[in-house]
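To start, the structure itself, in structure tokens.
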Amino acid sequence: MKRLLYIAIGIIVILGIQNDLTGSTLSAQLPTDEKASMNSEQENPPPLPFQEVIIESGQTVLSIVEHLHDGQVNHSIEDILADFSLLNDGTNPNAIQIGKTYRFPLYQNP
């Protein structure tokens, strides 16, 4: 009797793994999510030029913006943080996470 129980559990586990790898609901949702995000970007283009950067340990919004502008930024800290938040759908500049990609504003120096 135990042997039948182990076989049944094994079959359920194998079928679950197969479902996850071949056609789970997660993989079915990804293309529509990508299309939705692409459509929203086309309908509402970002209000100012930006560059996407992957956050590394020790980086801050201000240090990255200064690096992108070779250390010379002619905007106030408040403006930089507000523009960052605007480009990243309201993300708090003090809550950026290592390994994630964010958009950073690019300014034209006079």
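The values are calculated or read from the model by the stated rules, or taken from the named source; none is laboratory data. Values in this document were obtained by computation on a predicted structure and should not be read as measured data. Please note that ligands, DNA and RNA were not included when accessible areas were found on the heavy atoms of the full protein model with its side chains. Shrake-Rupley method; radii C 1.70, N 1.55, O 1.52, S 1.80 Å.
Rounded to a whole number, what % of the accessible area of segment 58-110 do carbon and sulfur atoms account for, probe 1.4 Å?
Of all accessible area on segment 58-110, carbon and sulfur atoms account for 47 percent.
What full-extension length gain, to one decimal in nm, is calculated for residue 15 and residue 79 as 0.36 nm per residue of separation minus the Cα-Cα distance?
Gain on extension, residue 15 to residue 79, equals 17.7 nm.
Quick one: ranking 104, 50 by accessible area, 1.4 Å probe, largest first, what do you get?
50, 104
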